Amino acid sequence: MTAPLKPRPGLAARAATAATAVVSAPMFPAFAALGRRRGARPLHPRGVLSEATLHVEDDGSSGVPVLDTPGEHPCVVRVSRGVGRPTGRLDIPGLAIRFPGAGPEGRDADLLLAATGLGPVSRHFLALRHRADDGPVTTLWPCLTAAGPTMIAAHPLGPVDEADPRGARYALGWARSRGEWHRVGVLTLGEPRPDDLRFDSVEHPLCGTRQYPWVEAARLPAYAGARAGGPTGPSTPR
């Protein structure tokens with residue numbers, strides 16, 4: 001039986017949640033204003049959506065069923081740039097993945113990754129890069145699983161053409177908050193498709209995961225601001 005996913009209560013956790021909420025509160029008006037000004041997504045406005053497949057190589061122990069089940073897992077991937085600057089200029093590359101049916105009660109689930117390092121500390125800090133294939137992308141913050149706090153990362157295995165990323169390959173892996181990385185398998189991008197999805201890892205979590213309250217406190221104002229300022233009304237932001 002899977003253990004319940006409940007964050008440990010405590011003064012430190014409550015203080016982190018409160019502090020994060022205070023710091024992140026200005027994100028709502030900031031992202032709403034940016035979206036209205038652009039008439040487009042305020043977050044990751046430049047991107048290409050593609051069909052993809054995650055090939056999971058072995059039984060794992062990440063605590064996330066889709067990552068621990070060997071075989072082929074169809075998904076949809078969006079390669080994007082955080083601020084929207086052209087390829088070759090410094091930006092924060094991102095990778096959004098939708099796994100059909102991999103969420104609670106068979107709903108679709110989203111995984112959002114952004115450029116960071118892979119070290120015990122650097123994995124928690126965003127990194128500026130010129131190209132999407134200049135380095136790894138991670139979840140930045142851990143999610144909670146029955147096995148403990150878990151981060152997920154993808155590392156390009158070769159060139160990534162951001163205008164047409166078909167054929168691009170990423171090694172996917174997981175780690176505990178500051179632990180070593182464990183390879184899951186390979187994510188391969190296929191044919192492009194209309195860029196008609198919005199991703200939200202808080203509203204659409206992977207089965208077996210739960211966001212920490214302080215992570216929700218940080219993400220939700222930005223997501224809500226993006227929805228409020230976007231060109232198509234309420235929708236998820238990326």
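The values are calculated or read from the model by the stated rules, or taken from the named source; none is laboratory data. As the structure is a computational prediction, the values presented were derived from the model and not from experiment. Glycine gets a Cβ as well: all are built from the backbone with ideal geometry, and neighbour counts include every protein chain shown. Note: accessible area is taken over every heavy atom of the protein model, side chains too, but ligands, DNA and RNA are not part of it. Shrake-Rupley method; radii C 1.70, N 1.55, O 1.52, S 1.80 Å.
Computing the accessible area with a 1.4 Å probe over protein heavy atoms, can you report the carbon and sulfur percentage for the range 160-217?
Percent of accessible area from carbon and sulfur atoms in the range 160-217: 48.
Quick check: with the 1.4 Å probe, what order do Tyr212, Tyr170 take by accessible area, largest first?
Descending order: Tyr212, Tyr170.
Label Leu157 and Glu72 with points 7 Å out from Cα along Cα→Cβ: what is the distance between them in nm?
Distance between label points: 1.5 nm.
Quick one: length gained pulling Ser122 to Asp196 fully straight, 0.36 nm per residue minus the C-alpha distance?
23.4 nm
Taking just the alpha carbons, could you work out the radius of gyration and Dmax for the range 77-173, both in angstroms?
Over the range 77-173's Cα set, Rg and Dmax evaluate to 13.7, 41 Å.
What percentage of the solvent-accessible surface of the range 84-141, computed with a 1.4 Å probe over protein heavy atoms, is contributed by carbon and sulfur atoms?
59 percent
Counting heavy atoms of the protein chains only and a 1.4 Å probe, report the per residue accessible area for the range 63-185 as a whole number of Å².
With all protein chains present, the range 63-185 gives 40 Å² per residue.
Starting from 0 in steps of 5 Å, tell me what percent of the Cα-Cα pairs of the range 128-171 lands in each bin.
Taking all Cα pairs of the range 128-171, the binned fractions are 5, 21, 21, 20, 12, 10, 8, 1 percent.
Please check which bits of the range 177-191 a label hung off Ser61 would reach, taking the label as a point 7 Å along Cα-to-C-beta and the cut-off as backbone N under 15 Å.
Flagged as within label range: 177, 179-184.
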